[in-house]
Amino acid sequence: MKEYVLIATTIQKQLYAGGRMIVWSWGAYDFMAMPPTKDSLGGLEFRVNGRLYQGKVYVKLAFDDTYTIELRRKEPNPEQVIKNVYCDQLTEVIDYHVETGPYSHQNGDRSD
């Protein structure tokens, strides 16, 4: 198996470890492994149909062992790029941008 496929599989497992039901709430589908590029070791691409965002999500493993998350509705330019995300933050960071936004679950009011 190619190394970038293993990287994609690991990313998907890390997303599910953060909460499988959370990932399901995004309506995530079309998971595909991404080959390495000049700025990443590979990654995972998938589509979401969340409350706040509908489009593609790219999770790329950077050379410093952090992740870069890109949100794209249209190719080739991302709408949003979030860098230096650690594996235990993946699900929470993507959920914030796809499903929950600045709304706080703890107190039920806006946090902005």
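The values are calculated or read from the model by the stated rules, or taken from the named source; none is laboratory data. These figures come from a predicted structure and were not determined experimentally. Glycine gets a Cβ as well: all are built from the backbone with ideal geometry, and neighbour counts include every protein chain shown.
Evaluate the following for residue 10: is it surrounded by fewer than 19 Cβ atoms within 10 Å (Cβ to Cβ), at pLDDT 95 or above, of a type outside the set (Phe, Trp, Tyr) and farther than 23 Å from residue 75 by Cα? For residue 10, the condition - surrounded by fewer than 19 Cβ atoms within 10 Å (Cβ to Cβ), at pLDDT 95 or above, of a type outside the set (Phe, Trp, Tyr) and farther than 23 Å from residue 75 by Cα - is met. Candidates are the residues of segment 65-77 that are under 16 Å from residue 34 (Cβ atoms) and modelled with pLDDT under 90; the one that is surrounded by the most Cβ atoms within 10 Å (Cβ to Cβ) is 75.
Scanning segment 22-64 for residues that are part of a helix (DSSP H, G or I) and surrounded by fewer than 19 Cβ atoms within 10 Å (Cβ to Cβ) returns 22, 24, 25.
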